[in-house]
Amino acid sequence: SFVLYIGVIVEEIGHAINKFDSDTVRYGTVHLNMLRSYRRMISKNMMRGSMKATVNLRNIQFVLNHLFLLDKDEEFWLSIRDHLKLYQHSIKNKQICLLYTTTKNIDHDYSEVYVVDKLNKSIKSWNKLCELI
């Protein structure tokens with residue numbers, strides 16, 4: 001379900017860049033609710049780590065919802081989308097994922113700094129889960 005949720009966010013980035021109004025958020029939350037329904041079968045450490053990872057990704061999705069109103073840096077968002085695809089691949093294969101890094105100075109745009117921070121926090125939570133597996 002976590003892999004499907006990341007797929008929805010990747011799709012959302014494409015829609016936001018092309019200024020398509022999409023309703024894929026609903027499909028993503030359905031996948032997250034599946035995770036909640038199995039919470040009694042998952043250890044608390046695993047559940048806590050997975051929820052931290054998904055909450056940080058959900059925060060990225062909130063930024064995407066407001067991206068229609070802002071001037072956006074398409075190069076930045078395409079690189080985020082590519083890294084999310086790498087992250088999704090790492091989750092499918094139950095492997096550790098590298099943190100997102102950029103050579104571009106993004107200090108001037110709060111939303112970009114926020115997205116990078118939340119993406120890296122989500123990846124760190126996933127990497128901790130990989131250590132438990």
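Filter the stretch 33-50 down to residues that are part of a helix (DSSP H, G or I) and at pLDDT 75 or above and give me whichever is surrounded by the most Cβ atoms within 10 Å (Cβ to Cβ).
So, considering only residues that are part of a helix (DSSP H, G or I) and at pLDDT 75 or above, the one surrounded by the most Cβ atoms within 10 Å (Cβ to Cβ) is G49.
Quick check, is N65 at pLDDT below 75 and among the polar types (S, T, N, Q)?
When the stated conditions are applied, N65 passes them.
I want to confirm something. Restricting to the stretch 81-128 and keeping residues that are modelled with pLDDT under 90, among the aliphatic types (A, V, I, L, M) and in a helix (DSSP H, G or I), which single residue is farthest from E11 (Cα to Cα)?
V113
Can you list residue pairs whose Cβ atoms sit under 9 Å apart, with the first residue in the stretch 112-133 being closer than 14 Å to R48 by Cβ and the second being surrounded by 15 or more Cβ atoms within 10 Å (Cβ to Cβ) and of a type in the set (F, W, Y)? Count only pairs 6 or more apart in sequence or on different chains.
So the pair list comes out as S122/Y87; W126/F2; W126/Y87.
Scan V30, V10 and give me the residue that is modelled with pLDDT under 75, part of a helix (DSSP H, G or I) and aliphatic (A, V, I, L, M).
On inspection, the qualifying residue turns out to be V30.
The values are calculated or read from the model by the stated rules, or taken from the named source; none is laboratory data. None of the values given here were measured: they were computed from a predicted structure. When we count neighbours, we look across all protein chains shown, and the Cβ atoms used for this are built from the backbone with ideal geometry, even at glycine.
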